[in-house]
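The structure under discussion appears below in the form of structure tokens.
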Amino acid sequence: MPDFKKILHTIYEKTKQLSDTGRVATYIPELACVPEDKFGICLLDIEKESYQIGDFDERFSVQSISKVLTLAMAMGLIGEKIWDRVDVEPSGDPFNHLSLLEQENGIPRNPLINAGAIVIADILVSELKNPKKEFLEFVHKVSGDTSISYDEKVAHSEKATGFKNYAAANLLKSYGNLKNDVIEVLDFYFYQCSLSMSCTQLCNTFYLFINRGKCLQNHDFLTVSQVKRINAIMLTCGFYDEAGEFAFEVGLPGKSGVGGGIVALLPKKFCVAVWSPGLNPKGNSTRGMAALERLTTLSNLSIF
Ligand code: DON
């Protein structure tokens, strides 16, 4: 393995000095309160050795990164049946666009755009007695960390302002691709997005995607084939209309969130989480993308 300690230090110092570090998301009012100079990185290798720098232990709103975890939980519960209701193609569109959904009769392009994640949320609402509680328990088990929680303020803030998500859910309902009540499904969706986690906690949680479906505590959560599929979806769809750019610059499967977090991973080698709240115009962390480009360049490690 390369000298990750030294590499993270170099990346951190270089990336901290970027002249444009993007803009903090404001469309969810509560996210606008986060100081834009926050910056942390954590890398966890397959031997469970971890390396950190900056604000790696501070919790932030993981937002769309949670979509990978709800997908993992739904795959564990209903397996291949998911693909009757959600496709696995990149959308080439921003995360909240609705036009393709209408053109394609209510089948979302993939589970990582908002409409797709809302269908996955609907599956969990159907399958679970108490979806919010049971999803949080799932995250606790996968991460081995029971201190992870939702951020109620963020959840309520998005509930009050997430009009496009109400539109997406209603459109899905009109095509018969939402089985439960719109408000109930969105309540769960807003809570899952409000999960508050640090870079360290994200790495601990995503360890199963580098370890063939086994979590840090060595419990089996997913099959090797399910992990292959989820990692493939992260590579092709994890960054919306910037998925190509992320593969080109970084060369790893990953997932971003509008809270400024990005998780990326190299199967059987390492997972890495970066947090810097300033976003580029496509909604991905500006410093996060730059830091990960440097990581794969300096370490000579990527899936390619
Ligand atoms: O639905 C939304 O708009 C947010 N809860 C999540 C969006 C998000 O993180 C997109 N990611 N880059």
| field | Angle between the chain longest axis and helix 224-237 axis [Cα atoms, degrees, rounded to 10] | value | 90
| request: With a probe of 1.4 Å, find how much accessible area the chain has per residue, and write the answer as a whole number in Å². | output: 40
| How high is the relative contact order of the chain, in percent, counting Cα pairs under 8 Å that sit 6 or more residues apart? | 28
| message | Between residue 160 and residue 13, what is the label-point separation in nm under the 7 Å Cα-to-beta-carbon projection? | response | 4.4
| Local electrostatic count at residue 294 - Lys and Arg +1, Asp and Glu -1, tallied over other residues with Cβ under 13 Å | +1
| query | Tilt of helix 114-127 relative to the longest C-alpha principal axis of the chain, in degrees (0 to 90, nearest 10)? | reply | 70
| query | Hey, if you put +1 on the Cβ of every Lys and Arg and -1 on every Asp and Glu Cβ in region 109-199, which of 121, 178, 195 ends up farthest toward the positive end of that dipole? | reply | 178
| task | May I ask you to derive the relative contact order of region 163-304, considering only C-alpha pairs under 8 Å and at least 6 residues apart, and to give it as an integer percent? | result | 18
| field | Over 21 Å between alpha carbons, listed pairs 81/228; 14/255; 38/214; 48/269 | value | 14/255; 38/214
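Given Cβ point charges of +1 (Lys, Arg) and -1 (Asp, Glu) and nothing else, what value in debye, to the nearest 20, does the dipole of the chain about its Cα centre take?
Using Cβ point charges on Lys, Arg, Asp and Glu, the chain gives about 460 debye.
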| note | For the chain, longest principal axis from Cα atoms; helix 66-78 axis from its Cα atoms; angle between them, nearest 10 degrees, is 60
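The values are calculated or read from the model by the stated rules, or taken from the named source; none is laboratory data. Everything numeric in this text was worked out from a predicted model, so none of it was measured. With ideal geometry, Cβ positions are generated from the backbone for all residues, glycine too; neighbour counts draw on all protein chains shown. Keep in mind that these areas ignore ligands, DNA and RNA; they rest on the heavy atoms of the full protein, side chains included. Shrake-Rupley method; radii C 1.70, N 1.55, O 1.52, S 1.80 Å.
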